[in-house]
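A short worksheet on the structure shown next.
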Amino acid sequence: MAEKRLAKRVFMKRISWQKLDKNIQRSIDCIIKAGKRQGTPVFIIGGTVRDILLRKKNLDLDCVVEGDAVALAQAVARMTRGELKVHKRFTTATVKTKDGVSLDFAMAREEHYPQPGALPVVRKGSIYTDLRRRDFTINAMAVALYGDQSESVLDMCGGVDDLRQKRIRVLHDRSFLDDPTRMIRGIRFEQRFQFSIEPCTMKLFKSALRLNAFASVKRSRLFTEFRKVLKEEDVVRCVSRLHSLGCLKVLFQNAPLSVSVLKRIEETRACLPQNLELGDADWTLIRLLALISKMTGGQRDNIFQEIPLSRREKILLLNGRKTQQLIQQLSVKKMQSSEIYAILKPLAVENIVFIRLLTSVKIVRERIDFYLTDLRFLMLEISGDDVKEITGGPSSQEVGRVLKRLLWQRLNGHYITRASQLDYVRRWSAGVKEISRGTNAKGQ
């Protein structure tokens, strides 16, 4: 009863789905149909509502279900022919639609923290308990997708007013102690939206820092949250703010961070040639390379042991130590294309881009640009099968050596056509056979 009386007071501002992206509208229509069929109350919640009110484009929909969230997600996936991923442990699911919209479904829940920094213990709840567990008021709003109050914002905590006032405010005094990663998130929102952290919230923030709240959280969780910071458009402002407040000491174990290098590569990035093929580069890793650029190998090893990185990512970040050495190698006055290729090919594209952004040496920049545009994806017109057919089937190692020598020639402008490459193999094969005959004659 209390919740119903509260609901009458807190349904305030109305919004319209008609102003949203057409792909989002189609996804919402599917969710409404599936929810009605299952008799399940469904709400758009959190950052999605915030961004709608701020009129910011967002192709992610966060949905809270007062019922079986996984079953609803399965129904929506069938309707949209989207890709479904179920997280049974958390009773959540994600649907990626053909239109590029990401739909997250979660059961309405309530939670409590058994101890500071621990993961919360959750149980089934209502939309009201779900809103009360949120981090900030601007993320504690919901909109019912159908029913009497559809398209009205359920705002129990003053989120609409805080959006108007451009402020970040927590929901309760223990918020940062329960989950210290909220401090990183709060700064991220502050800088992204150019809001300010409300005075009482900032007092709680600084108090949590004095109590060394970050020490209660696994560094893997801190890094997962920090990785979102590295995706921010104005990453320099965000990292600078976190660094100045002392929020990154635990994550990076007091090792030196190079915010100035990060600023430099962000400025240089804006001047990169438009024709560089960098679509597969992970800019969060390039930014991380900049931040750790002054760390020793030992400091990097210690940090990367406890944070969630793939083997490729760890090698990439450790290879950052070779940056100055590689710049010197690429600064040599005369180099063949094959020599440039030999230096850069073993590196991850993120390492290459980082060197390109960091160096001021013109010839190094030109050579990296040449590699990225002309050499990186250069291939031969023939394959190992062609070599085997001409030579009568040498070992795989021998075939590999032949193709490598031919590729080196191709990189330097020779044997461009398929016909010329096949001719190269024929002449090589004839030479090998001649040597073999000579060796056999001597043996006789």
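The values are calculated or read from the model by the stated rules, or taken from the named source; none is laboratory data. Because the structure is predicted, anything quoted here is derived from the model rather than measured. Counting neighbours? That spans all protein chains shown, and the Cβs are built from the backbone with ideal geometry, glycine included. For accessibility, only protein heavy atoms count, side chains too; no ligands or nucleic acids. Shrake-Rupley method; radii C 1.70, N 1.55, O 1.52, S 1.80 Å.
A few notes on this one:
- Residues in the stretch 148-158 that are part of a loop (DSSP other than H, G, I, E, B) and crowded, with 19+ Cβ neighbours inside 10 Å: MET156, CYS157.
- Qualifying residue in the stretch 421-440 (condition: aliphatic (A, V, I, L, M), without any contact (Cβ under 8 Å) to a residue 24 or more places away in the chain and in contact with a helix residue (DSSP H, G or I) (Cβ under 9 Å, 6 or more places away or on another chain)): no
- Against the list (1) under 20 Å from LYS228 (Cα atoms); (2) in contact (Cβ under 8 Å) with a residue 24 or more places away in the chain; (3) surrounded by fewer than 19 Cβ atoms within 10 Å (Cβ to Cβ), the condition GLY279 fails is (2).
- Selection from the stretch 159-200 of residues that are assigned to a strand (DSSP E or B) and either open to solvent by less than 10 Å² (accessible area, probe 1.4 Å) or within 23 Å of VAL143 (Cα to Cα) (or both): ARG167, ILE168, VAL170
- Against the numbered list (1) modelled with pLDDT of 80 or more; (2) buried (at least 16 other Cβ atoms within 10 Å of the Cβ), PHE11 comes up short only at (1).
- Residues in the stretch 60-86 that are open to solvent by 60 Å² or more (accessible area, probe 1.4 Å) and closer than 18 Å to ARG26 by Cα: ASP60, GLN74, ARG78, MET79, ARG81, GLU83, LEU84.
- One residue alone among LEU285, LEU316 is touching a residue at least 40 places away in the same chain (Cβ under 8 Å) and either open to solvent by less than 20 Å² (accessible area, probe 1.4 Å) or in a loop (DSSP other than H, G, I, E, B) (or both), and that residue is LEU285.
- Selection from the stretch 58-102 of residues that are of a type outside the set (D, E, K, R), under 22 Å from ARG37 (Cβ atoms), free of Cβ contacts under 8 Å to residues at least 40 places away in the same chain and part of a loop (DSSP other than H, G, I, E, B): GLY82, THR91
- Residues in the stretch 214-228 that are modelled with pLDDT of 95 or more and of a type in the set (Lys, Arg): ARG227, LYS228.
- Residue among VAL101, VAL153 that alone is under 23 Å from the mean Cα position of the chain (by Cα) and of a type in the set (Val, Ile, Thr): VAL101
- Test: residue in the stretch 293-312 that is buried (at least 21 other Cβ atoms within 10 Å of the Cβ) and either touching a helix residue (DSSP H, G or I) at 6+ places or on another chain (Cβ under 9 Å) or of a type in the set (Val, Ile, Thr) (or both): yes
- Condition check for ALA290: of a type outside the set (Ser, Thr, Tyr), in a loop (DSSP other than H, G, I, E, B) and surrounded by 15 or more Cβ atoms within 10 Å (Cβ to Cβ): no
- None of CYS238, CYS247, CYS271 is open to solvent by less than 10 Å² (accessible area, probe 1.4 Å) and either within 25 Å of ASP374 (Cα to Cα) or touching an Asp or Glu at 6+ places or on another chain (Cβ under 6 Å) (or both) except CYS238.
- Selection count, the stretch 20-57, where residues are in a helix (DSSP H, G or I), open to solvent by less than 10 Å² (accessible area, probe 1.4 Å), in contact (Cβ under 8 Å) with a residue 60 or more places away in the chain and not hydroxyl-bearing (Ser, Thr, Tyr): 5
This table checks each residue for (1) crowded, with 16+ Cβ neighbours inside 10 Å; (2) without any contact (Cβ under 8 Å) to a residue 12 or more places away in the chain; (3) not in a loop (DSSP other than H, G, I, E, B); (4) not β-branched (Val, Ile, Thr).
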| site | (1), (2), (3), (4) |
| --- | --- |
| LEU326 | yes, no, yes, yes |
| VAL332 | no, yes, no, no |
| ARG365 | yes, yes, yes, yes |
| ILE368 | yes, no, yes, no |
| TYR371 | yes, no, yes, yes |
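- Qualifying residue in the stretch 252-264 (condition: in a helix (DSSP H, G or I), in contact with a Phe, Trp or Tyr (Cβ under 9 Å, 6 or more places away or on another chain) and open to solvent by less than 70 Å² (accessible area, probe 1.4 Å)): no
- Unique match (being modelled with pLDDT of 95 or more and touching a Cys at 6+ places or on another chain (Cβ under 6 Å)) among THR94, THR137, THR80: THR137
- Residues satisfying the stated conditions in the stretch 226-235, i.e. closer than 14 Å to ARG182 by Cα and surrounded by fewer than 19 Cβ atoms within 10 Å (Cβ to Cβ): ARG227, LYS228
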